[in-house]
Amino acid sequence: MLGEIDAATLAEFGSELAALPHRGAYAVVVDLARVRYCSCAGARELLDLRDRAEHAGVPLALAVETHAVRRVLDVLGVAPLFTLRRNARAALTAAAG
């Protein structure tokens, strides 16, 4: 994902996440490192994905290089529910670990 997760992009973001985790996936990594803004609704989509991944027994990690995503997760008090890493490679290592 690149840019902003807001009312204009939420439907596309949500539909991309709705397909995850794929059947047979051993881990899910969402690369949000280049997201400049994330709304509370975007955070809700991430929480829904987290619930699906947990239900499927698939580890989830988020790549959050900028403060945009981390900030909204912190403000909502849900950051501790996620494995957060600075880049996709570190997130994949954490999820697969």
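Only the coordinates and a few stated rules stand behind these numbers; no lab work does. Note that the structure is predicted; figures quoted are calculated from it, not measured. Every residue, glycine among them, receives a Cβ derived from its backbone with ideal geometry; neighbour counts consider all protein chains shown.
So for the chain, averaging the separation of alpha carbon pairs under 8 Å that are six or more residues apart and normalising by length, what relative contact order in percent results? Before the final figure, lay out the partial values.
Details: 168 pairs, mean separation 30.7, N = 97.
With pairs under 8 Å counted, the relative contact order is 32 percent.
If R0 is 22 Å, what FRET efficiency do you get for ARG36 and LEU10 from their C-beta distance, rounded to 0.05? Intermediate results must be reported in sequence, preceding the final value.
Working: r = 15 Å, r/R0 = 0.68.
Efficiency, from the Cβ-Cβ distance: 0.90.
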Next item on the list: Work through the residues other than ARG36 whose Cβ is under 12 Å from its Cβ and net out their charges, Lys, Arg +1 and Asp, Glu -1.
Entry: -1
Notebook entry, point to check: Which whole-Hz ³J(HN,Hα) couplings does region 45-62 yield from phi under the Karplus relation 6.51 cos²θ - 1.76 cosθ + 1.60, θ = phi - 60°, glycine and proline marked x?
Noted result: 4, 5, 5, 4, 4, 4, 4, 5, 5, 4, 4, 7, x, 10, x, 10, 9, 10
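Multiplying the sequence separation of LEU2 and HIS67 by 0.36 nm and subtracting their Cα-Cα distance, what value in nm do you get?
Extra length available between LEU2 and HIS67 comes to 22.0 nm.
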Checklist line | Normalised alpha carbon radius of gyration of the chain [divisor 2.2 N^0.38 Å] | finding: 0.97
Notebook entry, point to check: Contour minus end-to-end for ASP74 and ALA19, with contour as 0.36 nm per residue of separation and end-to-end as the Cα-Cα distance?
Noted result: 17.2 nm
Next item on the list: Relative to the compact-globule scaling 2.2 N^0.38 Å, provide the ratio for the alpha-carbon radius of gyration of region 1-52.
Entry: 1.11
